[in-house]
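Asks: Provided herewith is a single structure, encoded as structure tokens, for subsequent inquiry.
Just so it is clear, none of the values below were taken in a lab; they were calculated from the coordinates. No experiment lies behind these values; they were computed from the predicted model shown. Don't worry about glycine lacking a Cβ; one is built from the backbone with ideal geometry, like all the others, and counts go over all protein chains shown.
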């Protein structure tokens, strides 16, 4: 096969029971894509064919809807072509299946970070009314051979809360299903929370929490048995991580995490705990994301825009006395203070003191003719500084740039109001 529609086939990536996935090139968008191809003959195989078509249409219907950095993007779909196909974002790192063997486990901190990113992606999907219903390592792709970038794929078994769509029984992998799913009860996002907890358990320990020689045995365990905490199967797992995994896998909905926000928060806290702090040298994405969400500057930004900011920003921890900007130097970036305080001085005269959530050096972006810095900026103590290259922001999405513009406008109004108050008081 040389072409699929307008896409030039490069090679076969894999093959499943009903589909073949190819690496192809999109000449119009100038990018590589992955194409899932299903022969129309598959759809004519009785009940099996009807199910295959329903799964295909469900996934194809999400094209252009789940636009999140940790969800595989669906660019295009052709349900009536022969063969039918879905065009998706190509993710080169493969699935997380390969990291579930006891001799190939990822570092603890990496697992917590990956599950955090999955939880934010699934929260985004749920806010759009989508419940995945088939989470497992095979449906989570790694962005590369290293790092913690992950993307959730295969929404074919998904259900939507905004329609009359009913769940198809028998779909999904029993070992990852919640008690509610195996009993075919009505489902909400908490079924995905349970499944992601199972995925986390397996990535941490190299084994599934519920095992059996057949599906009936696995279902019995899901409903009736309590697995040992991960720390009993792998040395070095701290109690705080045990607690997160076990709560996500609680059989009762009342005992399980009630929301993705609650799950994400505990994952971030676990990552920041002293037990994992010693294993990392850089600021983690989970910490950056939660920091951005808490800063006044970013209060109008969506989650997707915050992830975009993470991709083009640089973060540093500065010690007391560190000079962050120098009068007269070129203005090629601006900064937002994530924590601590900085002082703004000119000719050794104090102009202002800024605290967390405030920005400085923004004229480099707002006024391209500004040229050079007009003052010095120095850390007054330990500080965390977010650096935004002006050129990177100019290349950002329209939505992200507009959010920055609104934030700058809000700051300008606040500063003018403060200046007026000071003048009135004189």
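Asks: Between segment 1-50 and segment 325-369, what's the alpha-carbon centroid distance in Å?
Replies: Here the answer is 52 Å between Cα centres.
Asks: Just to be sure I understand: with springs between alpha-carbon atoms less than 10 Å apart, which residue in 248, 125, 78 has the highest mean-square fluctuation in the Gaussian network model of the chain?
Replies: 78
Asks: May I pose another question? Work out, step by step, the length gained on full extension between residue 269 and residue 223: first 0.36 nm times the residue separation, then minus their alpha carbon distance; give nm to one decimal. Please list the in-between numbers first.
Replies: Values: separation 46, 0.36 × 46 = 16.56 nm, distance 2.92 nm.
Here the segment from residue 269 to residue 223 would lengthen by 13.6 nm.
Asks: Another question, then. For the pair residue 57 and residue 127, how long in nm is the line joining their label points, each one 7 Å along Cα→Cβ?
Replies: 3.0 nm
Asks: Which distance in nm do the two modelled labels at residue 29 and residue 80 give, with both placed 7 Å along the Cα-to-Cβ direction?
Replies: The modelled label-to-label distance comes out at 2.2 nm.
Asks: Peptides 182-194, 36-48: what's the order by average Cβ count within 10 Å, highest mean first?
Replies: Numbers: 182-194: 18.5, 36-48: 14.8.
Per-residue Cβ counts within 10 Å, averaged per peptide and sorted highest first, yield 182-194, 36-48.
Asks: Starting from the Cα gyration tensor of segment 52-113, multiply each eigenvalue by 5, take the square root, and state the resulting semi-axes largest first in whole Å.
Replies: Details: eigenvalues 189, 40, 19 Å².
After diagonalising the Cα gyration tensor, the semi-axes are 31, 14, 10 Å.
Asks: Quick check: the angle from helix 239-248's long axis to the longest principal axis of the chain, C-alpha only, nearest 10 degrees?
Replies: So the inclination is approximately 50 degrees.
Asks: Using r as the Cβ-Cβ distance of residue 251 and residue 395, and R0 as 45 Å, what FRET efficiency do you calculate, to the nearest 0.05?
Replies: Values: r = 48 Å, r/R0 = 1.06.
Computed FRET efficiency for residue 251 and residue 395 comes out at 0.40.
Asks: Label-point separation (nm) for residue 261 and residue 11, each offset 7 Å from Cα along Cα-to-Cβ?
Replies: Label-label distance for residue 261 and residue 11, simple model: 4.6 nm.
Asks: Here's something else I'd like to know. Under 11 Å from the 7 Å Cα→Cβ point of residue 48, by amide nitrogen: which residues of segment 5-37?
Replies: 17-18
Asks: When all C-alpha to C-alpha distances in segment 197-288 are sorted into bins of 10 Å, what percent of pairs does each bin hold, rounded to whole numbers?
Replies: With a bin width of 10 Å, the distribution comes to 15, 43, 31, 9, 1.
Asks: Still on this structure: Return a whole-number percent for the relative contact order of segment 275-426, with Cα pairs under 8 Å and 6 or more residues apart as the contact set. Write down the numbers at each step before the final one.
Replies: Numbers: 239 pairs, mean separation 43.3, N = 152.
The value is 28 percent.
Asks: Further question on the same structure: Restricting to DSSP H runs of at least four residues, report the calculated mean residue ellipticity at 222 nm for the chain, -39500 (n - 2.57) per run over all residues, nearest 500 deg cm²/dmol.
Replies: Working: 14 runs with 154 residues, N = 426.
About -11000 deg cm²/dmol.
Asks: A follow-up question, please. Could you work out the Kirkwood radius for segment 3-89, taking every pair of different alpha carbons, averaging 1/r and inverting it, reported in Å?
Replies: Working: mean 1/r = 0.0754 Å⁻¹.
One decimal place: 13.3 Å for the Kirkwood radius.
Asks: Something else now. Using Cα atoms only, what is the angle between the long axis of helix 215-224 and the major principal axis of the chain, expressed in degrees (0 to 90) to the nearest 10?
Replies: Between the helix axis and the principal axis of the chain, the angle is about 50 degrees.
Asks: Still on this model: What's the exposure ranking of 337, 295, going from fewest to most Cβ atoms within 10 Å?
Replies: Values: 337 24, 295 20.
Fewest to most other Cβ atoms nearby, the residues stand as 295, 337.
Asks: Does segment 321-371 come out rounded, prolate or oblate by the C-alpha gyration tensor, with a ≥ b ≥ c the root eigenvalues, rounded set by a/c under 1.5 and, if not, prolate when a/b is larger than b/c and oblate if not?
Replies: It comes out oblate by the Cα gyration axes.
Asks: Figure the gain on full extension for residue 351 and residue 65 (residue separation times 0.36 nm, minus the Cα-Cα span) and round it to one decimal in nm. List each step's numbers first, then the result.
Replies: Working: separation 286, 0.36 × 286 = 102.96 nm, distance 4.73 nm.
Between residue 351 and residue 65, full extension yields 98.2 nm more.
Asks: At a Förster radius of 56 Å, what calculated FRET efficiency corresponds to the Cβ-Cβ distance of residue 410 and residue 185, to the nearest 0.05? Intermediate values should be presented prior to the final figure.
Replies: Working: r = 46 Å, r/R0 = 0.82.
Efficiency, rounded to the nearest 0.05: 0.75.
Asks: So how do 82-92, 7-17 stack up, highest first, on mean other-Cβ count within 10 Å? If you can, show how the numbers build up before the last one.
Replies: Values: 82-92: 19.4, 7-17: 12.8.
The densest-packed peptide leads the list: 82-92, 7-17.
Asks: Would you please classify the overall shape of the chain from the alpha carbon gyration tensor, given that a ≥ b ≥ c denote the square roots of the eigenvalues, rounded means a/c under 1.5, and beyond that prolate means a/b larger than b/c while oblate covers the rest? Don't skip to the end; give the middle numbers.
Replies: Working: a/c = 2.34, a/b = 1.63, b/c = 1.43.
Here the chain falls in the prolate category.
Asks: Label segment 292-425 by shape, choosing from rounded, prolate and oblate, from the square roots a ≥ b ≥ c of the eigenvalues of the Cα gyration tensor; if a/c is under 1.5 it is rounded, and otherwise prolate applies when a/b is larger than b/c, oblate when it is not. Intermediate values should be presented prior to the final figure.
Replies: Numbers: a/c = 1.43, a/b = 1.27, b/c = 1.13.
Here segment 292-425 falls in the rounded category.
Asks: Still on this model: Once the Cα atoms of helix 398-425 and of the chain are each reduced to a long axis, what angle between those two axes, in degrees from 0 to 90 to the nearest 10, is obtained?
Replies: 30 degrees
Asks: For segment 96-281, list log₁₀ I(q)/I(0) at each q in 0.19 Å⁻¹, using the Debye formula over Cα point scatterers of equal strength and ignoring solvent, two decimals each.
Replies: Normalising to I(0) and taking log10 leaves -1.40.
Asks: Same structure, new question: Taking R0 as 51 Å, what's the FRET efficiency between residue 326 and residue 235 from their Cβ-Cβ distance, rounded to 0.05? Before the final figure, lay out each step's value.
Replies: Numbers: r = 49 Å, r/R0 = 0.96.
Once the sixth-power term is evaluated, E becomes 0.55.
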